[in-house]
Amino acid sequence: MDYEGFFKDRLDMLRAEGRYRVFADLERCCGRFPRAFDHRVDAEVTVWCSNDYLGMGQHLDDLARLLDRVPAERPKLVCFESVYSMDGDIAPIGKLCDVADRFGAMTYIDEVHAVGLYGARGGGMAERQGVMHRPSVIQGTLGKAFGVIGGYIAGSAALVDFVRSHAPGFIFTTSLPPALAAGALASIRHLKESSVERDRHQERAATLKRRLAEAGLPVMPSPSHIVPVMVGEPGLCKAACDELLHRHRVYVQPINYPTVPRGTERLRLTPSPLHSDADIEALVTALADVWTRLTLRRAA
């Protein structure tokens, strides 16, 4: 029995009959039901075929419901990110902490895509939202915005000492070389005092998003500095990156499954304060050329 051949034959039959299922790439936003953002048309649509009959999927008290199932005396830890790195979504940190506090849970926030970039002193999204005192543990990185390597957690003295004393990941980790520690310290001290880099960074991201939209390219909506451009197919995503590199000397990595769900393959652009207007125009021109050559879907 040729099982693989059997599967492929049946799939070919479905395609020939027009019954092959293509899953819709819908992004549901809390409070917007019955509307959702449909990435196939890069626009908001009204959903008339949802199985969420009563709209209870928007009630996203879902965290409270999950915590309510856990016995009050049982330790609980709510883990989340502040900036989600593939879509650029931003978490409502205070609201999540409110729910966790109500059920006696600790909170653990991953700020690696936000520290140095957001907040008056670069403390991250929690600082920008005015809730830096709320999470039990804040995880950050000395890479990315700070430009060195390594990571850290911040919390109460007792919590940090507990992790230092009990966590194998820390106990068996080699300490940073002095040169890296000094570099990280210098970078942090600078970014705590200077907002020039953060302001320029936000302006560059906004300018790039605007220019991509003006060029009719399918830039995904993002409230952060991350600029995703939808492709929707892994082979084409890789081909687009190859074309950008070989024809235009632009280096962009393809973002494919399992980093993102199948069908949402994309280019993930991360503008920096050092990208000039000329750099942005060259990138937009290159992307427009590649989109034409590969006949990729443009914005609606």
One finds, for D12 and D199 with R0 = 45 angstrom and r their Cβ-Cβ distance, a FRET efficiency to the nearest 0.05 of 0.25
The value for the range 245-300 (convex hull of the alpha-carbon atoms, volume per residue, Å³) is 115 Å³
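Using a Förster distance of 35 Å, how high is the FRET efficiency between A213 and A120, based on the Cβ-Cβ distance and rounded to 0.05?
Working from the Cβ atoms, E equals 0.75.
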A correct Karplus calculation of ³J(HN,Hα) over the range 266-271, with 6.51 cos²θ - 1.76 cosθ + 1.60, θ = phi - 60°, whole Hz and x for Gly and Pro, returns 7, 9, 10, 9, 10, x
Log entry: pair-distance distribution for the range 142-249, C-alpha pairs binned every 5 Å from zero, whole % per bin is 2, 9, 11, 13, 15, 12, 12, 13, 9, 4, 1, 0
Packing-ranked peptide list from 145-158, 195-208, highest mean Cβ count within 10 angstrom first, is 195-208, 145-158
Most packed first (mean Cβ within 10 Å per residue), the peptides 258-271, 224-237 order as 224-237, 258-271
Among [x] 34, 59, 7; [y] 37, 61, 2; [z] 25, 53, 21, 1, the value of P(r) over Cα pairs in 20 Å bins from 0, in percent computed for this structure carries the label [z]
In whole Hz, the Karplus estimates of ³J(HN,Hα) for the range 118-133 (6.51, -1.76, 1.60; θ = phi - 60°; x where Gly or Pro) are 10, x, 4, 10, x, x, x, 5, 4, 5, 4, 7, x, 10, 4, 7
Note: probe point = Cα of C79 + 7 Å toward Cβ; backbone nitrogen < 13 Å; residues of the range 110-132 passing the test are 110-111
The pairs in K8/K209; K144/K238; K209/K238; K95/K238 lying past 29 Å Cα-Cα in this model are K8/K209; K95/K238
Expected sort for 94-105, 79-90 on mean C-beta neighbours within 10 Å, highest first, is 79-90, 94-105
So, over other residues within a Cβ distance under 14 Å of R200, counting Lys, Arg +1 and Asp, Glu -1, the net charge is -3
Straight-line reach check, K76, cutoff 12 Å on alpha carbons, 8 or more apart in-chain or any other chain, hits among aspartates and glutamates -> D68, D101
Length gained if A72 through F170 is fully extended, taking 0.36 nm per residue and subtracting the Cα-Cα distance, is 32.3 nm
Taking protein heavy atoms only, a 1.4 Å probe, and rounding to whole percent, the accessible area of the chain owed to carbon and sulfur comes out at 58 percent
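In a shell of Cβ-Cβ distance under 14 Å around A64, excluding A64 itself, what net charge do Lys and Arg (+1) and Asp and Glu (-1) give?
Details: positive: R65, R69, K76, K95, R102; negative: D61, D62, D68, D98, D101.
My count for the surroundings of A64 gives 0.
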Taking r as the C-beta separation of V41 and L180 and R0 as 35 Å, the FRET efficiency to the nearest 0.05 is 0.15
Calc'd 3J(HN,Hα), the range 241-253, phi into Karplus 6.51 cos²θ - 1.76 cosθ + 1.60 (θ = phi - 60°), Hz, glycine/Pro = x, comes to 5, 5, 4, 4, 6, 7, 8, 10, 6, 10, 9, 9, 8
Counting only protein heavy atoms and rolling a 1.4 Å probe, one gets per residue an accessible area for the range 139-209 in Å² of 63 Å²
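The values are calculated or read from the model by the stated rules, or taken from the named source; none is laboratory data. Being a predicted model, the structure only gives us computed values, none of them experimental. So basically every Cβ, Gly included, is an ideal-geometry build from the backbone, and we count neighbours across all protein chains shown. Just the protein is used for accessible areas: all its heavy atoms, side chains included, with ligands, DNA and RNA removed. Shrake-Rupley method; radii C 1.70, N 1.55, O 1.52, S 1.80 Å.
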